[in-house]
Amino acid sequence: MARNAAPPHESTGPAGARPFRAHRVEDHGHDAIIRVGQVDRIWSDFYHHALTAPWSTFFYGSLILYVGVNLVFALLYMADGSGITGAHPGNFADYFFFSVQTLSTVGYGGMTPVSHTANLLATVEVLGGMMINALATGLIFARFSRPRARVMFSRKALILAEGSQLHLDIRIANCRRSPILSVDVEFALARLIRTPSGRVVRQFDPLPLQQSHIPVLRFTCTPTHIINEHSPLYGMTEHDLSAEEAEIIVSLTGTDEASGQSVFARSAYGFDRMLYNHRFVDIINAGPDGRITVDYSRFDHTEAPPDTQTGHTGTTAGQPG
């Protein structure tokens with residue numbers, strides 16, 4: 001892949017590029033996407049929303065729901081007048097804390113329902129409290145036990161010519177102490193192409209790797225895609241990648257050795273996150289005592305090989321210089 005070769009595609013100026021710019025999605029977060037014609041109602045998919053919401057949102061949402069339920073029942077108890085013995089008439093705080101005790105099924109005994117209305121409200125609240133507690137327990141357990149892959153992806157995808165080969169490298173690291181077993185890594189080129197009828201469609205082309213299956217990922221690995229005449233990247237330039245809003249999509253699947261659960265991770269690299277004529281520096285060293293040191297602070301550090309430091313850039317399309 002070259003940096004200065006003439007682009008083989010048609011107009012990529014502002015008018016030609018405008019339809020493409022809105023279609024890059026893999027390299028953006030979900031919050032940057034506006035869905036039109038599809039209403040995402042929280043109650044229609046409550047479990048998924050509660051499971052995937054950030055912890056801060058989950059905590060404050062649970063707090064608001066808890067306080068809100070107790071406020072409603074406190075007002076109902078208060079409206080009954082003297083239905084709660086031990087509560088001071090007209091004192092909202094007493095009714096609120098009685099509701100808290102009833103909802104949690106604590107029942108200290110200082111305040112008790114005496115009227116039929118208060119007993120009926122307490123019965124409904126106890127039933128609702130057991131359901132809420134069961135739901136909250138299940139959600140919290142599911143959030144803690146949900147498998148997460150603590151995997152790092154390099155900030156840049158590197159394209160480098162070494163010898164007679166041009167290749168694409170992305171570094172991946174396992175951040176946990178326990179290794180990931182039976183790891184499968186996949187690269188794909190996602191780009192927007194215009195059909196003869198003028199429609200813009202998103203096309204995914206697989207990028208075969210030299211080694212796509214890794215039996216054990218303990219520290220780091222650097223999957224490599226060779227850019228040759230069989231590669232979808234062959235002959236493409238930075239100009240081509242920019243015009244087609246190209247992205248390299250990386251996905252990883254494996255099994256966490258400690259938990260035995262399947263883990264998944266993914267990342268994406270737009271054309272603006274590709275670095276040319278650089279390679280990753282080594283971050284694994286063996287000390288004199290035999291212990292291995294992995295320096296994650298240098299995970300994204302790169303260097304130019306000796307031949308490129310003297311001005312070698314490789315600018316012939318599809319061929320290393």
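Readers should treat all values here as calculations from the given coordinates under stated rules, not as data from a laboratory. It should be emphasised that the depicted structure is a prediction, and the values quoted were computed from it without experimental measurement. Positions of Cβ are generated from backbone atoms using ideal geometry, with glycine treated the same way; all protein chains shown enter the neighbour counts.
Observations on the model:
- Taking other C-beta atoms within 10 angstrom as a stand-in for reagent exposure, E247, E162 fall in the order E162, E247, fewest first.
- Computed label-point distance, nm, for sites S197 and N91 using a 7 Å Cα→Cβ extension: 7.5 nm
- Based on Cα contacts under 8 Å between residues 6+ apart, region 42-145 shows a relative contact order of 27 percent.
- Loop-located chymotrypsin sites (Phe, Trp or Tyr not before Pro) in region 181-280, at most 15 other Cβ atoms within 10 Å (DSSP): F219, Y234
- The slack between V126 and W55, meaning 0.36 nm per residue of separation minus the straight C-alpha distance, is 22.9 nm.
- Over all pairs of different C-alpha atoms, region 42-145 has a mean inverse distance whose reciprocal, the Kirkwood radius, equals 14.8 Å.
- Order of C175, C221 - criterion: other Cβ atoms within 10 Å of each residue's Cβ, fewest first: C175, C221
- Potential lengthening of the chain between E162 and I42 amounts to 38.0 nm, from the contour at 0.36 nm per residue minus the alpha-carbon distance.
- Where labels lie 7 Å past Cα in the beta-carbon direction, separation of E303 and T255 in nm: 3.8 nm
- Approximating the spin labels as points 7 Å out from Cα along Cα→Cβ, the R273-to-S115 distance works out to 6.2 nm.
- Look at the Cα gyration tensor of region 147-309: its axes a ≥ b ≥ c give a/c of at least 1.5 with a/b at or below b/c, and that counts as oblate.
- For region 252-265, backbone phi angles converted through the Karplus equation (6.51, -1.76, 1.60; θ = phi - 60°) give residue-by-residue couplings of 9, 10, x, 10, 6, 5, 6, 9, x, 9, 6, 10, 9, 8 Hz, Gly and Pro being listed as x.
- Coil-residue trypsin sites (Lys or Arg not before Pro) of region 195-293, DSSP, other Cβ within 10 Å capped at 14: R199, R291
- The phi-based Karplus calculation (6.51 cos²θ - 1.76 cosθ + 1.60; θ = phi - 60°) puts the 3J(HN,Hα) values of region 187-193 at 10, 8, 9, 9, 8, 9, 10 Hz, whole numbers, x for Gly and Pro.
- Ranking of V100, V106 by count of other Cβ atoms within 10 Å, fewest first: V106, V100
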